[in-house]
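Trainee: First the structure, then my questions, so here it is.
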Amino acid sequence: MFHRRRTTTAIAVAVSVVFSAGLIAQKKDDKKQDEAQKRELQSVLKLVDDVAAGTAQAPNDLSLTWVREDFIKAQGNKEYVPFVVTIDSSKITSGNLVFYWRVVPKGAAAAAPAPAAKDDKKDKDKDKAKPRVEYPYEDYNVTPLTAPATPGAPMRIARSFTVPTGAYDVFIVAKEAVPTTPPKGAPPLVAKTSLMKQSVTVPDFWNGELSTSTVLVAERIDPLPAPLTPQQQEERPYALGQMEIVPQLALTYSKKGELSVFMLIYNPKSDAANKPDVVVEYNFYQKQAGSEKFFNKTNPTNLNAQTLPPGFDMAAGHQLQAGQAVPLASFPEGDYRLEIKVTDKVANKTLTRDINFTVTAS
């Protein structure tokens with residue numbers, strides 16, 4: 001058995017972040033919105049409609065790549081889905097990026113492509129009166145380009161959506177923003193654009209069955225000195241309560257690193273005092289020649305009336321959390337599987353979650 005640093009105290013017991021859905025229609029109708037930004041948005045909407053309808057090809061000038069998605073229980077029988085994509089920011093010459101995402105039920109009919117421009121004012125007015133298609137979630141923003149922490153690395157962008165359980169297609173557009181006032185004498189900017197579609201199946205955390213959020217593997221966990229504004233929360237979706245998780249995207253570590261994991265445990269049964277009795281075990285297996293063997297484990301984490309805060313109450317909606325940060329100095333180089341075993345002793349039920357990672361010399 002070896003030493004590990006627990007991360008369960010890093011995040012408040014009750015994760016009470018309000019996940020807001022910025023509706024695109026409201027942003028479109030905002031009279032204060034700049035006309036150039038409206039035209040920018042209209043071109044993005046038309047591109048997505050056309051690609052979804054099969055009448056246009058999806059461009060990928062910026063090497064837009066889906067990296068990961070995570071699932072966390074939200075409010076109102078919905079699930080919160082933060083996700084991460086990357087782009088090649090070196091291909092962008094302007095300073096800002098238009099970012100749009102749309103969530104569509106899998107198999108839903110595509111919206112009709114936007115009509116060609118018309119000269120007749122009555123026809124234009126008639127088109128304006130037609131309601132837009134409502135989607136489970138869609139949003140957009142204009143974000144400034146930021147230099148990657150590692151020179152030459154892709155720029156990561158994290159956003160989120162909140163939807164009921166189900167299967168969805170997520171359409172994402174990253175588009176170079178056209179300057180409102182281009183430099184004098186400069187040729188017109190041909191904006192580089194990427195569009196991708198990613199299928200996502202959102203689990204059900206509201207069915208009463210023992211479950212967990214995605215196991216979040218953290219590059220680091222930072223304290224938040226103050227609550228985020230709605231706009232900040234939109235751009236930093238891995239901020240939960242009073243802490244912000246920076247996801248670890250590549251699960252390859254040096255022996256000097258540590259594997260840090262965090263998760264929320266949903267729907268454990270409680271005793272007469274509304275306290276759960278849950279045990280979380282962390283077992284490490286080393287992969288060798290197509291098989292694996294047990295390598296080591298940490299002490300199990302007990303979540304019960306003796307270890308939880310006195311005010312912890314399942315009936316009040318408090319959520320269980322678990323996590324550890326394990327130094328990797330004692331791990332020989334190679335590939336590993338971390339098995340996280342969650343046992344609900346009140347319900348006599350068990351589930352497991354797996355994390356695969358690699359340890360290198362440096």
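Trainee: Once you place label points 7 Å from the Cα toward the Cβ at Gln242 and Gln75, how far apart are they in nm?
Mentor: If labels sit at Gln242 and Gln75, their model points lie 2.0 nm apart.
Trainee: Now, a different point. Rounded to whole Å and ordered largest first, report the semi-axes of the equivalent ellipsoid of the stretch 260-336 derived from its Cα gyration tensor (root of 5λ).
Mentor: 33, 12, 10
Trainee: Continuing with this model, one more query. For Ala53 and Leu228, compute 0.36 nm times the residue count separating them, minus their Cα-Cα distance, and round to one decimal in nm.
Mentor: Details: separation 175, 0.36 × 175 = 63.00 nm, distance 3.76 nm.
Net length gain for the segment: 59.2 nm.
Trainee: Probe radius 1.4 Å, ligands and nucleic acids left out: which of Glu281, Glu79 has the largest accessible area, and how do the rest follow? The partial results should precede the final answer.
Mentor: Details: Glu281 60, Glu79 0 Å².
Order by accessible area, largest first: Glu281, Glu79.
Trainee: Principal axis extents for the stretch 186-339, Cα atoms only, whole Å, descending order, please.
Mentor: If we take the Cα atoms of the stretch 186-339, the spans are 72, 47, 33 Å.
Trainee: Given a 1.4 Å probe and the protein chains all in place, what does the accessible area of Met263 round to, in Å² to the nearest 10?
Mentor: Roughly 0 Å² of Met263 is accessible to a 1.4 Å probe.
Trainee: How much accessible surface area, in Å² rounded to 10, belongs to the heavy atoms of Trp206 with a 1.4 Å probe?
Mentor: 100 Å²
The values are calculated or read from the model by the stated rules, or taken from the named source; none is laboratory data. What you see is a predicted model, and the numbers here were worked out from it, not measured in a lab. Counting neighbours? That spans all protein chains shown, and the Cβs are built from the backbone with ideal geometry, glycine included. Just the protein is used for accessible areas: all its heavy atoms, side chains included, with ligands, DNA and RNA removed. Shrake-Rupley method; radii C 1.70, N 1.55, O 1.52, S 1.80 Å.
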